[in-house]
Ligand code: FES
Ligand SMILES: [Fe+2]
């Protein structure tokens, strides 16, 4: 059986109105602003004097300075060109050349809601009011007793983010890309999938396999029990849960920042409920990184780099069901009017500075930068 999925307008899909990882908490020191590229756009991240992280559009609305090349002054970031100072809420607090005059109402840049969790800083890149926002993914076991988190590690991958997410949603590749894991071959009868609030989840069942000489061989005493599963939350969060045996569970969280159409920065956090001794951290991460590098080897060589825009350019089978579901969700988010119009962006490259619209744009007008062009909601 072959699965057809709906026609999309182009292969290049990035969405506003989700939470994106910006940097690690440690990268955001108190003394320097940080420049971060996400969704093809530049942002500046900094901490105020209370240590609260802020993420602003990087383009100074005076005459285009890059705020991230400036300095932190008290609770503001100072533009390196003429010293205008912007607070964490995006308001310009000081225009040095104007003396004590209050900056005009139009002197503001977009500022995005932030959250610091799991050793990472996240920003909500969009304009939805709080009550309508997709939530930041909650790692339920993060602070739970009996679980140990890894420190977040950063993977800079030369691939398009959608390819990376789809790779995690593909149960069949394991047998070929990760032979040392020893999962038995998967086919459509061995997994089931269901939708959740912001994505789809699948669980793969292995019946009663004999797994000799593999990492899974130890302590197998179950029949037909869940052994692994993956799910996505929004366009850029991918979770994989692997039961090494009936009780021992590894859960891998990938928070993905689409940098641009060819690059993805992935923040990887591993949770485990066994081998809890901190001395095992390194070994666990070594295994994770070996598996991840096997995936990256494939991802960086996929062609086309972006997923094709229409179904005739791939041949999907029923085992690609979750990938197809992911693309259906992307189409839904496009219908919401959340998809960035990359063609319009590319045409304006170097001529127009856009900003991802922030929630404040729903409250006030009079913004200097144009909002990023979006595919109209349908
Ligand atoms: S361009 Fe930023 S202060 Fe002039
Ligand atoms: Fe993989």
Of the conditions (1) more than 25 Å from residue 23 (Cα to Cα); (2) surrounded by 14 or more Cβ atoms within 10 Å (Cβ to Cβ), residue 105 clears all except one; give me its number. (2)
Using the structure shown, decide if residue 143 is assigned to a loop (DSSP other than H, G, I, E, B), farther than 20 Å from residue 285 by Cα and away from ligand 1 (no atom under 16 Å from the Cβ). no
Looking at this structure, is residue 261 within 16 Å of ligand 1 (Cβ to nearest atom) and surrounded by 16 or more Cβ atoms within 10 Å (Cβ to Cβ)? no
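Do any helices (runs of 4 or more DSSP H) lying entirely in region 255-352 carry at least 1 residues that are in contact with a strand residue (DSSP E or B) (Cβ under 9 Å, 6 or more places away or on another chain), under 21 Å from residue 154 (Cβ atoms) and assigned by TED's automatic domain parsing to the domain that holds residue 202, and which ones are they?
So the answer is 281-299.
For region 137-170, which positions are farther than 23 Å from residue 249 by Cα and surrounded by 15 or more Cβ atoms within 10 Å (Cβ to Cβ)?
Of everything in region 137-170, those that are farther than 23 Å from residue 249 by Cα and surrounded by 15 or more Cβ atoms within 10 Å (Cβ to Cβ) turn out to be 157, 159, 160, 161, 162, 163.
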Going through region 167-183 in order, the residues found to be more than 10 Å from ligand 2 (Cβ to nearest atom) and modelled with pLDDT under 85 are 180, 182, 183
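The values are calculated or read from the model by the stated rules, or taken from the named source; none is laboratory data. In this text, all values refer to a predicted model and were calculated from it rather than measured experimentally. Positions of Cβ are generated from backbone atoms using ideal geometry, with glycine treated the same way; all protein chains shown enter the neighbour counts.
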